[in-house]
1. Would you be able to say whether some residue in the stretch 119-142 is open to solvent by 50 Å² or more (accessible area, probe 1.4 Å) and assigned to a helix (DSSP H, G or I)?
2. Looking at (1) under 28 Å from Lys194 (Cβ atoms); (2) under 19 Å from the mean Cα position of the chain (by Cα); (3) open to solvent by 40 Å² or more (accessible area, probe 1.4 Å), which is the only condition Asp61 fails?
3. Is there a residue being in contact (Cβ under 8 Å) with a residue 40 or more places away in the chain, among the aliphatic types (A, V, I, L, M), in a strand (DSSP E or B) and surrounded by 15 or more Cβ atoms within 10 Å (Cβ to Cβ) anywhere in the stretch 171-183?
4. Looking at (1) more than 21 Å from Thr24 (Cβ to Cβ); (2) free of Cβ contacts under 8 Å to residues at least 12 places away in the same chain; (3) surrounded by 12 or more Cβ atoms within 10 Å (Cβ to Cβ), can you tell me which one Gln150 breaks?
5. Looking for something open to solvent by 20 Å² or more (accessible area, probe 1.4 Å), touching a Ser or Thr at 6+ places or on another chain (Cβ under 8 Å) and aliphatic (A, V, I, L, M) - is there at least one such residue anywhere in the stretch 72-84?
6. Which residue pairs have Cβ atoms closer than 9 Å, lie 6 or more positions apart in sequence or on different chains, and pair a first residue in the stretch 81-93 that is part of a helix (DSSP H, G or I) with a second residue that is open to solvent by 70 Å² or more (accessible area, probe 1.4 Å)?
7. Looking only at the stretch 31-58, which residues are open to solvent by less than 40 Å² (accessible area, probe 1.4 Å) and either under 17 Å from Leu141 (Cβ atoms) or of a type in the set (D, E, K, R) (or both)?
8. Please list, ordered by first then second residue, the pairs with beta carbon atoms under 8 Å, 6 or more apart or interchain, first in the stretch 96-109 and surrounded by 18 or more Cβ atoms within 10 Å (Cβ to Cβ), second aromatic (Phe, Trp, Tyr).
Amino acid sequence: MITIFTCDRKAAAKVAGFTGIDRTGKYVGIITQAEVADTPSGATYVELAFKASSWVEKTGDVIGAEEKGEKLAFIRIYVAGRDGRRTFGADIIDALLVVLGIEKAQAVETTVYNMDGSKRQGYRINAIESDNRNPVPVGLLLQRENREFQDRQGEWRLTYQMNIVTPYDPITGRCAKEILSNSDTATIVDSKLKTLKDKEPKATAIQKPAPATTASPETILEDNPF
């Protein structure tokens, strides 16, 4: 029987809910929700709810050691502009399909969960989603993009969003290009990580704040994928 308890601060922090992914680095986890939706202006995006279980983060020029735990990010990828034309984000989705070994995936109308735990009707790509019972892990090389915006009082504030540089197979380390070329080696992801830096905002840009990247445990529903 355990009679002495030593405080583990990292373990204790997990009780408060997921930590948000907020640093450039390599992350391995599962995609728990892949929503497809349109903006009011008509652009189409895919928003991934990505739950990481291990990661290697980069701070400045320093690449850290591998860590394990749970971190969550909501990553929005624009796949078509308001004119309906394909954007570079569609290439990211194609690369994700290659890494997951999926030839074709279709969005279906179903329940979509918001970041606050509430739900609504929407469209999801179920083929690229998984959960803790049937996990299909995927690697994502992510870049932090810092963004400036003006609040209602006219004050400049800083926020950020996480962008996918490339998906990769967490077992072989190969990205889509290496998989498609039948390469026996995996060098692209680590090579990119060495030179990758946080993307800084343009000083004159006025942008809206990015969505939050954490989920509160008080609002998580039993069947919520987060």
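The values are calculated or read from the model by the stated rules, or taken from the named source; none is laboratory data. All figures in this text were calculated on a predicted structure; none of them were measured in a lab. With ideal geometry, Cβ positions are generated from the backbone for all residues, glycine too; neighbour counts draw on all protein chains shown. Surface accessibility is based on the protein's heavy atoms, side chains included, excluding ligands, DNA and RNA. Shrake-Rupley method; radii C 1.70, N 1.55, O 1.52, S 1.80 Å.
1. So far as the stretch 119-142 goes, yes, one or more of its residues are open to solvent by 50 Å² or more (accessible area, probe 1.4 Å) and assigned to a helix (DSSP H, G or I).
2. Single failed check for Asp61: (2).
3. no
4. Every listed condition holds for Gln150 apart from (2).
5. Yes, because at least one residue in the stretch 72-84 is open to solvent by 20 Å² or more (accessible area, probe 1.4 Å), touching a Ser or Thr at 6+ places or on another chain (Cβ under 8 Å) and aliphatic (A, V, I, L, M).
6. Phe88/Tyr78; Gly89/Arg76; Gly89/Tyr78; Ala90/Tyr78
7. Once the filter is applied, which keeps residues that are open to solvent by less than 40 Å² (accessible area, probe 1.4 Å) and either under 17 Å from Leu141 (Cβ atoms) or of a type in the set (D, E, K, R) (or both), the stretch 31-58 yields Ile31, Glu35, Glu47, Leu48, Phe50, Lys51, Ala52, Ser54, Trp55, Val56, Glu57, Lys58.
8. Note: pairs meeting the criteria are Val99/Tyr168.
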